[in-house]
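Derivation of every value follows stated rules applied to the coordinates shown; laboratory data play no part. Small disclaimer: the values here were computed from a predicted structure and weren't measured. Glycine gets a Cβ as well: all are built from the backbone with ideal geometry, and neighbour counts include every protein chain shown.
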Amino acid sequence: MKRIRVAKFVAAAAVAALAACSAPQPGLLKADGVERESADRAAYSAELMMLRDSALKLGEALLADGGDGASGNVVSSPGGLLIALAMLRAGAAGETAAEMDAVLELPRLKRDEAMNALLASLQKFDGDPASVDEGNPPRKPVMHPANGLFVDRGVETGATYLDTLARHYGTGVYPVDFSDEAVTKPVIDAWVEKNTGGRITKAPAEYDRRNTFSLLNTLYFAAAWKSPFDPGSTFDMPFTTAAGEQIDSSAMHNLLQLKYAEGPGWRGIDLPYAEGFVMRLVLPDVGAGKGTVLSAKELGNIAVVMDSAQRQTVQIQLPKWDHRCSFDLRQVLGAMGLTNTLNTTVGFNAIQQDFAITQAAQAANITVAEKGTVAAAVTQFNGMVTSAPPQPDRTIEFDRPFHYQIVHIETGLPLFMGTVADPR
């Protein structure tokens, strides 16, 4: 397999920026001569449907895990996790690739091309998170996706893998020295903070100086409702928690024309933002036994119903919320059955020889209020180069009395000689 050192990349920004004191920023390097391919979403309709269903499956797993959400409140990013996993899958082979395809139900063909089309659709709404006034979310939504790959500058990384990331994911590579935590950790954290508009200030996985690879995806979303809620119609209303406790919660109210649908055990609406996005809200029936964790199959069925739902005049009562959550993705993905993926030392050789995933984590937050919604998430996969110890041809265990000598090789002279009968 052809491999390439990061030194063979063409600099798109000064690597010296790594050492910037106040706000360190890494120098982005891109594969020489590789351009991002254009992608027509219409050409990958079947693959995009599979990616949507895969994200729903990941969402089911994330909500079932619950992360460290307080009082049952969970916010996650199955979309961000899907993008990060697809980037890992681009470097997988053999049993690892087969397992990822089977468990995640990814497209077997044109997977990277379809993901390129998906990202291109999101990037129509791309903007700078730093420009957003989060107290007044923008009428034109800002949906800022970012992919970052940090690799140890002394470790060889597969040229084909980096070519795929550049061609279909628009991802370059940031060469760093993971052993220098004082420089590299602030660099990665600064990248996360910049691409989440400061809503998340550090990478979610614990820093490990032994790592040689860190792949990150961030999603930042800010948008005003198509029809904002009147703050004058926000007041405390009863809310029954999952534990059965009745509390007072600050609730917004509005009367709107929007998509409404019902199904066995649920009712739902699509609450539109000013352009391009909706918030799908699903309310399980009392006593339906569904709880709030719906299966991927149920969510897929709901999506089909909501996509064809008719607009109706609906009176809405919706609480405001401001939640954050983080996940140990090794736990989430392990529960899904990605055992080989999380433990292999050979399945990702296209990324780095003897590469193994060491950490996987996600952090997400969301604020929903009268004017709109602001949310951010970061997903991170870390790994290191491992070398399996050589297997011995023979084994000898000195577990009984033995003889020893210290011999001068050139003359054969035994300088010291002795026996060990009791090594204590």
The stretch 120-194: C-alpha gyration tensor shape, a/c 1.5 cut-off, then a/b vs b/c | oblate
Shape call for the stretch 151-198 from the C-alpha gyration tensor, a ≥ b ≥ c root eigenvalues: rounded (a/c under 1.5), prolate (a/b greater than b/c) or oblate?
-> oblate
Once phi for every residue in the stretch 354-362 is put through the Karplus expression 6.51 cos²θ - 1.76 cosθ + 1.60 (θ = phi - 60°), the whole-Hz ³J(HN,Hα) values, with Gly and Pro written as x, are 6, 7, 9, 6, 9, 8, 8, 8, 9
So between ASP189 and GLN317, what do we pick up on full extension, going 0.36 nm a residue minus the alpha carbon distance?
-> 42.3 nm
Go through (i) 44; (ii) 40; (iii) 53 and flag the label whose value is the computed percent of Cα pairs over 32 Å apart for this structure.
-> (i)
Let a ≥ b ≥ c be the square roots of the eigenvalues of the Cα gyration tensor of the stretch 235-319; is it rounded (a/c under 1.5), or, if not, prolate (a/b larger than b/c) or oblate?
-> oblate
Taking the radius of gyration and the Kirkwood hydrodynamic radius from Cα positions alone, what is the Rg/Rh ratio for the stretch 32-146, to two decimal places?
-> 1.02
Value at 222 nm in deg cm²/dmol, rounded to 500, when DSSP H runs of n ≥ 4 in the chain each add -39,500 (n - 2.57) | -8000 deg cm²/dmol
The ³J(HN,Hα) series, computed from each phi in the stretch 207-218 with the Karplus coefficients 6.51, -1.76 and 1.60 at θ = phi - 60°, rounded to the nearest Hz and given as x for glycine or proline, is 5, 9, 5, 7, 5, 10, 7, 9, 10, 10, 10, 10
Cross-link pairs beyond the 26 Å C-alpha cut-off, checked among LYS124/LYS297; LYS124/LYS194; LYS57/LYS259 = LYS124/LYS297
Can you put SER77, SER54, SER308, SER233 in order of Cβ neighbours within 10 angstrom, beginning with the fewest?
-> SER308, SER233, SER54, SER77
Quick one: order TRP266, TRP321, TRP191 by neighbouring beta-carbon count within 10 Å, fewest to most.
-> TRP321, TRP266, TRP191
Give the order of ILE357, ILE409, ILE366, ILE302 when sorted by the count of other beta carbons within 10 angstrom, beginning with the fewest.
-> ILE409, ILE302, ILE366, ILE357
GNM result for the chain, Cα springs below 10 Å: residue of THR196, THR367, THR313 fluctuating most strongly = THR313
Quick one: Debye curve from the C-alpha atoms of the stretch 111-253, no solvent, what's log10 I(q)/I(0) at q = 0.13 Å⁻¹?
-> -0.77
Dipole in debye (nearest 20) - the stretch 120-276, about Cα centre, beta carbon charges: Lys, Arg +1; Asp, Glu -1 | 440 debye
Förster radius 25 Å - calculated FRET efficiency between ASP208 and GLU95 (Cβ-Cβ, nearest 0.05) | 0.45
With Cα coordinates, the longest principal axis of the chain makes an angle with the long axis of helix 94-104, in degrees rounded to 10, of 20 degrees
By how many degrees, between 0 and 90 and to the nearest 10, does the Cα long axis of helix 45-65 differ from the longest principal axis of the chain?
-> 80 degrees
Contour minus Cα-Cα span, THR386 to SER38, at 0.36 nm per residue, comes to 121.6 nm
Measure off 7 Å from each Cα along the Cα-to-Cβ vector at LEU122 and VAL278, then give the distance between these two points in nanometres to one decimal.
-> 2.1 nm
Phi-based couplings in Hz for the stretch 132-144 (Karplus 6.51, -1.76, 1.60; Gly and Pro marked x) | 8, 8, 5, x, 9, x, x, 5, 8, x, 9, 10, 10
Given unit charges at Cβ for Lys, Arg (+) and Asp, Glu (-), the dipole magnitude of the stretch 235-319 about its Cα centre in debye, nearest 20, is 260 debye
Kindly provide the GluC sites (Glu not before Pro) of the stretch 216-291 that DSSP labels as loop, not H, G, I, E or B, and whose Cβ sees at most 16 other Cβ atoms within 10 Å.
-> GLU245, GLU275
Extension gain, VAL304 back to ASP236 (0.36 nm per residue minus Cα-Cα distance, nm) = 21.1 nm
